Structures are given as C-alpha cells and as structure tokens.
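To keep things clear, I will list the structure first and then write my remarks on it.
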Amino acid sequence: MLNYLIVEDFAGQAVPFLFPQKVDHEDMREQLPYGRIIAGGQARLAGGEVVCGGSCSIPEIGSRPVEDAALIAASLSGLV
C-alpha cells in the first residue's frame with residue numbers, strides 16, 4: 001500500500017503523487033511545488049485494479065475512491 005496525493009499542477013490539471021506510507025501526507029505536501037491539494041489517502045493494487053481510500057493527514061482533505069483510482073490507473077498505464 002502507498003500513500004498518495006492528488007494535486008493541481010500549474011496548468012490546472014490533476015496530478016497524482018504516490019509515495020511510501022512511512023512518509024506523512026503533510027511532509028510530502030511541503031516537498032511539492034504545486035499549489036492546491038485536491039485529495040489524498042492510500043492506494044493499492046487488488047486484482048490488477050487500483051483501489052483508493054483511507055484518510056489523509058492534511059486537515060479537510062480526504063480520498064475520492066473512484067476518481068482517484070481512475071486518475072492513478074491512467075497515469076500508471078503509460079508505464080506498462
């Protein structure tokens with residue numbers, strides 16, 4: 001399982017960042033050059049599908065299971 005953040009890039013596009021669970025969402029946020037955090041939580045692969053959920057340590061930010069999973073899967077599809 002990995003933590004993730006969905007952030008808005010400078011062009012207004014949603015971009016996912018995946019990182020190890022031992023790194024806190026707030027700590028990762030401080031490292032990213034982008035502005036707005038859209039969502040965050042945990043992601044994993046189950047049966048070949050990306051599954052998102054869980055909580056985010058950044059106040060008022062949570063996961064959007066369906067939207068986040070689709071965005072992460074689309075980003076990863078270019079790596080195969």
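For the reader, a short list of remarks on this structure follows.
- With the simple model of a label 7 Å out from the Cα in the direction of the Cβ, GLU67 to LYS22 spans 3.3 nm.
- Choice from VAL50, VAL66, VAL15 showing the highest fluctuation, given a GNM over the chain with Cα pairs closer than 10 Å: VAL66
- 3J(HN,Hα) couplings calculated from phi for the range 25-36 with the Karplus curve 6.51 cos²θ - 1.76 cosθ + 1.60 (θ = phi - 60°) are, in sequence order, 4, 5, 5, 5, 4, 5, 8, 8, x, 7, x, 7 Hz; Gly and Pro show x.
- Relative contact order [Cα under 8 Å, 6+ residues apart], the chain, whole percent: 28 percent
- Net charge contributed by nearby residues that have their C-beta within less than 12 Å of ALA69 (K/R +1, D/E -1): -1
- The charge dipole of the chain, taken about its Cα centre with unit charges on the Cβ atoms of Lys, Arg (+1), Asp and Glu (-1) only, comes to about 160 debye.
- For the chain, the residue among ALA74, TYR4, VAL15 whose Cα projects farthest onto the positive side of the dipole built from Cβ charges is ALA74.
- Contour excess over end-to-end distance, with Cα ends at SER57 and ARG44 and 0.36 nm allotted per residue: 2.9 nm
- ARG36 - accessible surface, heavy atoms, 1.4 Å probe, Å² rounded to 10: 130 Å²
The values are calculated or read from the model by the stated rules, or taken from the named source; none is laboratory data. Remember, it's a predicted structure, so these values are computed and weren't measured experimentally. FYI the Cβ positions are ideal-geometry reconstructions off the backbone, even for glycines, and counts take in every protein chain you see. Keep in mind that these areas ignore ligands, DNA and RNA; they rest on the heavy atoms of the full protein, side chains included. Shrake-Rupley method; radii C 1.70, N 1.55, O 1.52, S 1.80 Å.
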